[in-house]
1. Quick one: which residue in 157, 190, 171 is crowded, with 17+ Cβ neighbours inside 10 Å, more than 24 Å from residue 91 (Cα to Cα) and at pLDDT 95 or above?
2. Looking only at segment 137-151, which residues are exposed (fewer than 10 other Cβ atoms within 10 Å of the Cβ) and either touching a helix residue (DSSP H, G or I) at 6+ places or on another chain (Cβ under 7 Å) or over 20 Å from residue 123 (Cα atoms) (or both)?
3. Looking at (1) loosely packed, with under 15 Cβ neighbours inside 10 Å; (2) touching a strand residue (DSSP E or B) at 6+ places or on another chain (Cβ under 6 Å); (3) assigned to a helix (DSSP H, G or I), find the lone condition where residue 94 falls short.
4. Quick check: is even one residue across segment 137-153 under 28 Å from the mean Cα position of the chain (by Cα) and within 25 Å of residue 26 (Cβ to Cβ)?
5. Write out, first by first residue and then by second, each pair whose Cβ atoms fall under 6 Å of each other, whose residues are 6+ apart or on separate chains, and whose first residue, in segment 4-18, is at pLDDT below 95 while the second is exposed (fewer than 13 other Cβ atoms within 10 Å of the Cβ).
6. Using beta carbons and a limit of 9 Å, which pairs, at least six apart or on different chains, have the first residue in segment 27-47 and more than 10 Å from residue 74 (Cα to Cα) and the second one modelled with pLDDT under 90 and in a loop (DSSP other than H, G, I, E, B)?
7. Can you report the number of residues in segment 67-83 which are exposed (fewer than 13 other Cβ atoms within 10 Å of the Cβ) and not in a helix (DSSP H, G or I)?
8. Can you name the residue in segment 47-59 that is in contact with a strand residue (DSSP E or B) (Cβ under 7 Å, 6 or more places away or on another chain) and outside any strand (DSSP E or B) and, of all such residues, is surrounded by the fewest Cβ atoms within 10 Å (Cβ to Cβ)?
């Protein structure tokens with residue numbers, strides 16, 4: 001991933017937090033000599049190795065898991081907040097006109113050698129944990145144990161687990177760090193004025209770095 005120094009985000013806790021808050025990853029491998037991408041929710045285990053371990057599952061009918069043992073590696077991409085940035089928000093634009101539009105975003109790229117897991121106990125624990133995390137904010141959280149046992153056994157048989165110790169983890173936070181402080185504050189104000197969840201999330205990232213010269 002191309003990441004100029006001002007945009008590089010190396011902090012492990014920050015990258016893990018992005019994965020937790022935006023768990024739907026794009027999982028990319030080489031399959032039959034071609035790039036193959038699948039989309040699935042991941043869990044991050046920060047204690048699983050130096051950089052953490054990713055866990056997910058796919059449908060057993062999805063052929064991606066059958067070739068993982070022989071693949072050279074895989075890439076999981078996690079997309080955080082993102083937003084279009086108009087130059088109209090820059091005070092400098094109104095002074096000299098030297099500005100163009102851009103796009104702000106935060107992403108994490110995790111690389112590793114994944115393996116497929118068919119162990120039913122592992123799969124049950126995985127979906128139980130995944131459900132617990134995703135149901136935590138529901139008024140009436142659904143639990144795996146709410147499903148009839150025979151039905152649950154059948155559904156567990158229809159999936160295969162994926163586990164990938166992270167060998168390399170890259171982060172890129174393109175959040176107006178290349179602009180001066182006044183322009184950053186202008187971007188944050190413009191995003192806040194849009195009053196959407198997405199724009200507010202990006203405004204918060206911009207403001208984290210708005211205090212430096």
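The values are calculated or read from the model by the stated rules, or taken from the named source; none is laboratory data. It should be emphasised that the depicted structure is a prediction, and the values quoted were computed from it without experimental measurement. Neighbour counts run over all protein chains shown; Cβ positions are idealised from the backbone, glycine included.
1. Result of the check over 157, 190, 171: 171.
2. Answer for segment 137-151, where residues must be exposed (fewer than 10 other Cβ atoms within 10 Å of the Cβ) and either touching a helix residue (DSSP H, G or I) at 6+ places or on another chain (Cβ under 7 Å) or over 20 Å from residue 123 (Cα atoms) (or both): 137, 138, 139, 140.
3. (2)
4. So far as segment 137-153 goes, yes, one or more of its residues are under 28 Å from the mean Cα position of the chain (by Cα) and within 25 Å of residue 26 (Cβ to Cβ).
5. That search, which allows pairs on different chains as well, returns 6/178.
6. 31/71
7. Step one: of segment 67-83, the residues exposed (fewer than 13 other Cβ atoms within 10 Å of the Cβ) are 69-70, 72.
Now restrict to residues that are not in a helix (DSSP H, G or I): 72.
Of the residues in that region, 1 qualify.
8. 49
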